[in-house]
Every structure is written in structure tokens, then in C-alpha cells.
Amino acid sequence: MKHHSIDLSTTHGTYPTLHVMGVPLVNAKKRNAIREILTPGRRVVSFLNAHCVNVASSDQNYAAALQRSDLVLPDGIGIEIAAKMQGDAIVENLNGTDLTPDLLKVAARKGLKVFLLGGKPGTAEAAANAICDKIPDLQIAGTRNGYEGVADPIAAIDHINRSGADILLVAMGVPLQELWLDRHKSKLKPRISMAVGGLFDFWAGNVRRAPKVVRQVKMEWMWRLLMEPRRMAKRYLIGNISFLMRAARAAMRGVSGQDVTKIMLDKAISLTVLTLLGPMLLCLMTAIKLESKGPALFRQTRIGKNGKPFRIYKLRSMYIDAEARRAALLSQSDRSGVCFKSKNDPRITRVGKFVRRYSLDELPQIINVLRGEMSVVGPRPALPEEVAAYPTAALQRLAVRPGLTGLWQVSGRADIGFTQMVEMDVAYVQARSSWLDLMLMCLTFRAVFSGRGAY
């Protein structure tokens with residue numbers, strides 16, 4: 001099958017754009033994206049996620065329809081990862097499920113009418129009732145299903161146009177919805193047409209959306225895979241790997257062979273681990289929430305390659321006031337040097353002791369690996385205040401991306417002093433290779449099950 005690249009070379013308006021894999025995406029905060037969508041003028045709005053990229057690579061008609069969209073918004077962690085891999089950053093995930101309700105709130109205040117087209121018979125009506133419960137002032141101009149409701153395009157277009165709708169939401173799935181809009185947009189009177197995928201099913205209650213805590217860790221795709229394994233297996237298991245390979249190829253132009261191998265290994269391992277251990281991660285997050293108040297995830301600024309800061313993800317293993325109590329406990333550190341560690345840290349919860357014992361608190365950092373901020377193997381990611389106190393020799397640790405595991409982690413972790421840890425990390429930076437990484441990964445399993453230095 002012939003593959004086709006996506007090339008959107010024309011931008012519309014003055015909104016900021018970021019080219020990801022050749023696609024100029026709206027790269028703005030949600031409120032600014034909504035403002036751009038609702039500005040005077042006609043426009044077709046599409047969303048781009050990992051699945052869209054995979055479909056466009058083999059479907060010329062869909063790729064062309066996507067090219068002709070007036071606005072393309074970034075949707076999901078896949079596009080965020082692709083941007084990270086090329087050294088850029090998506091300002092905000094503008095997925096349709098979160099953006100559209102906020103857009104309709106503004107539309108309601110402006111007195112704009114909305115038409116819902118798509119879904120199985122009855123779904124559009126149920127979705128309209130549900131969204132009106134949340135936005136009472138919203139005016140629904142009409143609804144029509146995406147089966148026999150679009151079998152006669154002339155009748156469907158006439159229904160939409162006679163309704164007086166200002167905004168048309170089309171939910172027929174990729175690529176049918178984009179192809180339908182591209183084919184008929186010149187005949188449609190609503191000035192804003194949006195391809196919104198499975199949004200109506202969420203609103204109507206046909207599909208349960210992931211809990212907020214799962215969305216925060218950016219694992220909604222895993223939730224959907226667990227809820228609908230037969231339907232979503234190909235899209236999320238095979239599809240995610242295909243997408244990452246495409247993203248990696250796009251980002252690796254001009255990168256050395258050794259770095260290419262390491263990046264490919266990182267992506268393959270992290271995606272496999274996330275898929276296999278995703279259900280366990282969700283269970284651990286639930287246990288953390290049940291034991292103590294506060295978010296299940298802990299986010300903290302760490303220093304990455306070349307001194308660039310990034311936000312690290314960990315399972316929360318301490319009470320929520322841990323940072324405030326840290327200064328008072330510095331004198332109790334069991335490790336010499338600038339890095340604080342205490343075997344009897346009173347800030348650690350019971351679930352926290354368990355996840356630390358088996359290094360499960362580090363599991364969400366797979367997300368950081370996928371985003372290109374960390375590697376599977378590398379030096380421990382340091383805190384900004386630790387880096388500020390580094391001696392000159394220790395700065396060599398910042399020459400590579402920090403890792404989930406490394407020489408320090410497999411050699412005793414917190415039982416090793418700071419000076420020796422630095423020496424190990426510098427030695428790794430100087431001698432790193434694919435074979436060394438594979439050896440350290442194997443030794444990691446022994447370190448995890450022995451629990452040595454894990455506290």
C-alpha cells in the first residue's frame with residue numbers, strides 16, 4: 001500500500017503554530033484556541049492524534065482532507081511525544097472531548113446554535129440532552145444520526161442548513177467525518193464545522209470516560225483499551241508502536257546511529273511496560289487516594305539533559321505536606337552529600353513504603369521517557385537545588401538524559417554516598433553503549449526484587 005505524507009504548508013489567521021511531523025498545529029492555550037475558532041469567518045476544524053497520523057499515512061483522501069482543514073488542533077499524548085522528540089513543546093492538549101464543552105459555553109453566551117450530526121440512532125439526541133443539562137442556555141438547532149441519517153447527503157445537508165445552525169459537530173469517526181466535511185463543506189451553511197470523533201458517545205453515556213486521575217497521568221488511552229479491548233487493541237497496541245516509529249524517524253534526521261538506537265529502545269521498552277503494567281498502575285493510584293488525601297501523582301521539577309528543567313511524574317509516596325517538612329528533616333539524612341535520604345522518613349505513607357520498596361513509585365516516569373525527557377537508562381534525575389550545589393565534576397551527569405535506572409540504581413541506590421554516585425554516573429556517561437544499557441536493565445530486576453537501598 002502506498003503511503004502518503006501530510007504536508008500542511010498554509011496557515012490561517014494569526015494563531016501560533018507548531019509543525020509536528022509536517023503538520024502545522026494550533027499551539028495555544030485552550031481559551032485562545034476557542035477564541036480563534038469563534039472569530040468571524042467560515043472554518044473547518046479537525047483534530048490530530050496518533051491514530052490520525054497512522055490513518056493519514058496510508059489514506060490519500062483523508063490526508064488531503066486534513067490538509068484542507070482551516071484549523072488543526074493537537075489531541076493526546078502521542079502528538080505531545082512527537083513534539084518532544086523533535087525538541088518542541090505543545091502548549092496544551094486541545095482534544096475535542098475537553099475543548100468542545102468549553103467552546104459551547106462561549107457559544108451559548110453568544111447565542112449561537114449547534115447541530116449534532118453522527119453516532120448511532122438515538123445517540124445524537126441523548127448527547128444533545130446531556131450537554132444541555134450542563135449548559136442550559138445552549139441552543140440545539142437539530143440532531144441527525146450518522147447512519148441512515150447521512151445515507152442521503154442532500155437531505156442531510158438540507159436539514160442542517162434549514163436548522164439555522166452556526167456550529168456543526170460531526171461525530172462519525174476518523175476518517176469518515178473529515179471526508180464528509182471536506183466533500184460537502186461548500187454546501188453547508190454553518191460557519192464552523194468540527195470533526196469530533198466519539199464525543200457524542202461520551203456525552204450520551206454509551207462510553208464511560210476515564211476518571212480524572214487517569215487523564216491527569218495521560219493514560220486515557222489505556223483506560224479505553226481496558227474498557228473496549230477487542231475494538232481498541234489494534235488502534236492502541238499496534239497503532240501506538242507504528243506512530244512512535246513514524247515520530248522517531250521524523251525526529252532522528254541528523255542524529256547519530258548510537259543515539260538513534262537508544263531512542264528507539266527507549267520508546268519500545270517504555271510503551272511495552274506502560275501497556276503491560278498500566279492496569280497495576282491504575283490500582284496503585286487508587287490505593288494511594290484511599291489511604292491519604294491529595295493527588296495520586298506527585299509532580300516535581302527535575303534537571304534533565306544539558307541542565308534543562310522538566311516535570312517528573314511519580315506515584316505519591318508521602319503525605320501532601322512532605323515538601324514543607326523536608327527542611328526540618330535534612331539533619332536526619334542517611335546519605336552523605338547534597339542528596340537527602342532517610343530510612344525512617346515520617347513523611348512516607350504505608351502505600352508509599354510498599355511502592356518505594358519495589359521502585360513502583362517510579363513507574364509513571366515511563367511517561368517522561370515517552371516524551372523524550374528521560375531515558376530508560378541514565379543518571380538519576382536531580383533536583384534543582386542539588387544541581388546548584390554540584391561540584392564541577394558532577395555536572396558531567398547532565399550530558400545525557402536522566403534515566404529510570406542506571407549504575408547507581410543497580411548498585412545499592414540510597415546506600416551509596418553522593419560522591420560515589422557521581423563517579424558511577426560519570427563513568428556511565430563516558431562508556432555508554434547499547435550493550436551496557438541492556439546489561440543495566442537486566443540488573444535492574446535483581447535490584448528491584450532485592451530492595452537494597454530502596455527507601
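The values are calculated or read from the model by the stated rules, or taken from the named source; none is laboratory data. Quantities reported herein were computed from a predicted structural model and do not represent experimental measurements. Note that each Cβ is placed from the backbone with ideal geometry, even for glycine, and that neighbours are counted across all protein chains shown. In case anyone asks, the SASA skips ligands and DNA or RNA and just uses the protein heavy atoms, side chains included. Shrake-Rupley method; radii C 1.70, N 1.55, O 1.52, S 1.80 Å.
Some observations on this one:
- Residues whose amide H falls under 5 Å from that of L48, counting only those 5 or more places apart or on a different chain, are L73, D75, with hydrogens built in the peptide plane.
- Here's how it looks for N93: its modeled amide H is under 5 Å from none belonging to a residue 5 or more places away or on a different chain.
- Once C-alpha pairs closer than 8 Å and six or more residues apart are averaged by separation and normalised to the residue number of the stretch 114-188, the relative contact order reads 41 percent.
- Phi to ³J(HN,Hα) by Karplus 6.51 cos²θ - 1.76 cosθ + 1.60 over the stretch 272-283, Hz, x for Gly, Pro: 5, 4, 5, 5, 6, 9, x, x, 5, 4, 5, 5
- Relative contact order of the stretch 72-119, defined on C-alpha pairs under 8 angstrom at six or more residues apart (%): 32 percent
- Rounded percent of accessible protein surface that carbon and sulfur make up, the chain, 1.4 Å probe: 55 percent
- Among the listed pairs K110/K293; K267/K308; K30/K353; K234/K293; K134/K308; K84/K187, those with a Cα-Cα distance over 31 Å are K110/K293; K30/K353; K234/K293; K134/K308; K84/K187.
- Computed about its Cα centre, the charge dipole of the chain is approximately 500 debye, with only Lys, Arg, Asp and Glu carrying charge at their Cβ.
- Based on Cα contacts under 8 Å between residues 6+ apart, the chain shows a relative contact order of 12 percent.
- 20 °C / 1.002 mPa s Stokes-Einstein diffusion coefficient of the stretch 346-399, Kirkwood radius on C-alpha pairs, µm²/s: 161 µm²/s
- Computed log₁₀ I(q)/I(0) - Debye formula, equal Cα scatterers, no solvent, the stretch 12-74, q 0.12, 0.23, 0.25, 0.26 Å⁻¹: -0.29, -0.98, -1.12, -1.18
- For the stretch 199-318: rounded, prolate or oblate by the Cα gyration tensor [a/c cutoff 1.5]: oblate
- Shape category assigned to the stretch 167-256 from the gyration tensor of Cα positions, a/c cut at 1.5: oblate
- Taking a ≥ b ≥ c as the square roots of the eigenvalues of the Cα gyration tensor, the chain is prolate, since a/c reaches 1.5 or more and a/b is larger than b/c.
- Average accessible surface area per residue within the chain, 1.4 Å rolling probe, Å²: 46 Å²
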